[in-house]
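Data block below; observations after.
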Amino acid sequence: MTPQGVRQQLEDVYSRLIVTNLSVKQFYPKEQNLVGGGVSIGSLPLGSISLRDISYEEIYREIEGNDGYHIKLPDGGLLIFQYIFDGAGVLTKHRLCYFPSFELPSVDEAPHLYENDELYGDVVLKKLVRFPVRFDYAPEEHKDVDHPKSHLTLGQYENCRIPVDAAVSPNAFVMFLLRNFYTRSYRRNKNTLDKRPHHIPAMPTITDAERRVAHFMNGR
């Protein structure tokens, strides 16, 4: 995984979400040069708020109200992409976040959500429990099994770190969300969304001990 590969795949992701109307507001991840020649892609000043011990509603409102995200989905879900590379172009950290809205937009704010069951019927059901999803890559914090280099956190649980077999690309992150949480929209736009993105070689990080517990296999 390289800065150029991430940039190119982000361009693929953005173009597909915009053309399928799955992004209703977007900000392209900004880049920042780091000391030592490294680069940060998608740095956001509010990126750490999700780790604070405050209510989820407060977290969401602060991120959404300050445009502290990169893509906003039709139901208010927010996507964040953050990658950090060192001076040699080696990935040293990533954080990929999905923050669903704690409440759906009103009919006036997003009439298309309620008028088109074919696209959005699976996101407006009253029985749904919406929860945040975060993929982290943090090799410097690695502790075998307890803190995998690449891991998945569900629902803001502090010690939820499900091992993931490799660092996660922008496309793999977005397609995981669309296939599982926005299934009708994904199926309707499958031909566009399933086009092969810019290739990013796999970066396996999982250990033998982590393979022996429940874990996620990364997609392309």
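FYI, it's all coordinate maths here, none of it is from the lab. Since the structure is predicted, the reported quantities are computational estimates derived from the model, not experimental observations. Note: ideal-geometry Cβ built from the backbone for every residue, glycine included; neighbour counts use all protein chains shown.
List of remarks:
- Using θ = phi - 60° and Karplus 6.51 cos²θ - 1.76 cosθ + 1.60, couplings along the stretch 78-85 (whole Hz; Gly, Pro as x): 10, 10, 10, 10, 9, 10, 10, 10
- Fluctuation leader among K126, K143, K195 - the chain, Gaussian network, Cα springs under 10 angstrom: K126
- Near A167, the amide H atoms lying under 5 Å from its own belong to M203, T205; only residues 5 or more places off or on other chains count, and H is placed 1.01 Å from N.
- Residues considered: V145, V13, V35. Largest GNM mean-square fluctuation over the chain, using C-alpha springs under 10 Å, is found at V35.
- Beta bridges from DSSP with both residues in the stretch 3-211: antiparallel share about 100 percent, rounded to the nearest 5.
- Computed per residue of the chain from DSSP H runs no shorter than four, each worth -39500 (n - 2.57), the mean residue ellipticity at 222 nm is -7500 deg cm²/dmol.
- Modelled label positions at T92 and Q32, each set 7 Å beyond Cα in the direction of Cβ, lie 1.3 nm from each other.
- Computed over the stretch 3-211, the alpha-carbon pair-distance distribution with 10 angstrom bins reads 8, 33, 38, 18, 3, 0, each value a whole percent.
- Estimated FRET transfer efficiency (Y56, R187; beta-carbon r; R0 25 Å; 0.05): 0.30
- Under 19 Å from the V24 label point (7 Å along Cα→beta-carbon), backbone N, the stretch 70-87: 70-80
- Applying both filters, DSSP loop and at most 14 other Cβ atoms within 10 Å, to the chymotrypsin sites (Phe, Trp or Tyr not before Pro) of the stretch 150-197 gives Y157.
- Total charge dipole magnitude, the chain, about the Cα centre, Cβ charges on Lys, Arg, Asp, Glu only, Debye to nearest 20: 680 debye
- With a Cα cut-off of under 29 Å and a minimum spacing of 8 residues unless on different chains, the lysine pairs in the stretch 3-211 number 23.
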